[in-house]
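Here's the structure we're looking at; comments come further down.
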Amino acid sequence: MSTDSGITAEEFAEEARLDREIPGRVLRHGGHGDAVTAFTEALDAAEDEEGALRVVRDHGRRLWRNAARRARETDGDDRPLYWTRLAMIRVLRGYRPAGDPLGTALVSALERASRGIEGNRLPAGGDRLRIVITGFDPFGLDRDIRRGNPSGAAVLALHGTTLRTADGRTAHVEGVILPVRWGDFTDGIVEEALTPYLEEGPRRVDLFMTVSQGRPGFFDLEVFNGARRGDTPDNAGVRAPGPIPVPPGPGGAAAPQWTRSTLPAERMIAATATGGDGREAEG
């Protein structure tokens, strides 16, 4: 269904859930305080389009940093980031009418900044390891509006951390949380987020890993990646089942429909089977 402005009703489906009781509770008690109010006031004070874009990026980054800090220091809940972002997007809908080019640019800028999608900020150097981990927004909210997503919580808890490896090197971790909307993937949000990390150079990533919400009681190690979508509705209520075109690789070479993870799957399976400490694990 489309509105008179050409905007589809699905684009507002996530924001409409803000009117339910649970999102309101999360916004009030999620630890981001007056983030939406401060954002609204700063946007109203912007003098021009460039000023509005600066406000959106600054407040999006602030939301992302605060969400990561809270995840490390408190309960690891990813829901306050999700619902606060949507509340800020609702503010932008009121700032510019649906279909307005600036409004679209502002929403996109807020989405990117509050998801960690702003290029490669990992340190250079051969003595450092660079790690990128991706997760996803909460989903299945029409079945249970209380749901979070452990993959997003894991990303928030790890983003910005520095780990010490057994050989004495430091490993720097950055995270990205992706939306659960088929349209964003069709439009190339994964390529936009990850290409800067994969480019050749002194800051090329050493390890990239994506984490998804799985089944209760099981750890599913996904070894194969296929360019095919299931029939599960996304957060906008959209279904897009079937194969998807695979963009050509470098030089126009045909890209494979299936790829295999380069992670040490067999060792990971063995570690999972024993719980990592030699004892047999369940599930």
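Would it be correct to say that residue 54 is open to solvent by 40 Å² or more (accessible area, probe 1.4 Å), assigned to a helix (DSSP H, G or I) and in contact (Cβ under 8 Å) with a residue 24 or more places away in the chain? Spell out the reasoning first.
Numbers: open to solvent by 40 Å² or more (accessible area, probe 1.4 Å): yes; assigned to a helix (DSSP H, G or I): yes; in contact (Cβ under 8 Å) with a residue 24 or more places away in the chain: no.
No.
How about the range 63-176: which helices (runs of 4 or more DSSP H) wholly inside it have at least 3 residues that are at positive phi? Break it down stepwise before answering.
Details: elements: 79-95, 101-113, 150-158.
Per the criteria, no element qualifies.
Of the residues 115, 79, the single one that is within 28 Å of residue 151 (Cα to Cα) and either in contact with a strand residue (DSSP E or B) (Cβ under 8 Å, 6 or more places away or on another chain) or in the same structural domain as residue 193 (by the TED database) (or both) is 115. Screening the range 171-191 for residues that are closer than 16 Å to residue 133 by Cα and touching a Lys or Arg at 6+ places or on another chain (Cβ under 8 Å) and picking the one that is most open to solvent (accessible area, probe 1.4 Å) gives 172.
The conditions of being open to solvent by 50 Å² or more (accessible area, probe 1.4 Å) and of a type in the set (D, E, K, R) are met by residue 164.
Listed by first and then second residue, the pairs with beta-carbon distance under 6 Å, at least 6 apart or on different chains, first residue in the range 190-210 and closer than 12 Å to residue 176 by Cα, second assigned to a loop (DSSP other than H, G, I, E, B), are 193/117; 197/120; 197/205.
Looking at the range 140-171, which of its residues are farther than 30 Å from residue 21 by Cα and among the basic types (Lys, Arg)? Hits for the range 140-171 are 164, 169.
Going by the conditions given, is residue 127 closer than 24 Å to residue 145 by Cα, open to solvent by 10 Å² or more (accessible area, probe 1.4 Å) and of a type in the set (Asp, Glu)? Walk me through how you get there before you give the answer.
On the way: closer than 24 Å to residue 145 by Cα: no; open to solvent by 10 Å² or more (accessible area, probe 1.4 Å): yes; of a type in the set (Asp, Glu): yes.
The answer is no for residue 127.
The values are calculated or read from the model by the stated rules, or taken from the named source; none is laboratory data. Computed from a predicted structure; not experimentally measured. Cβ atoms come from the backbone with ideal geometry, glycine included; neighbour counts cover every protein chain shown. We work out accessible area using only protein heavy atoms, side chains counted, and drop any ligands, DNA or RNA first. Shrake-Rupley method; radii C 1.70, N 1.55, O 1.52, S 1.80 Å.
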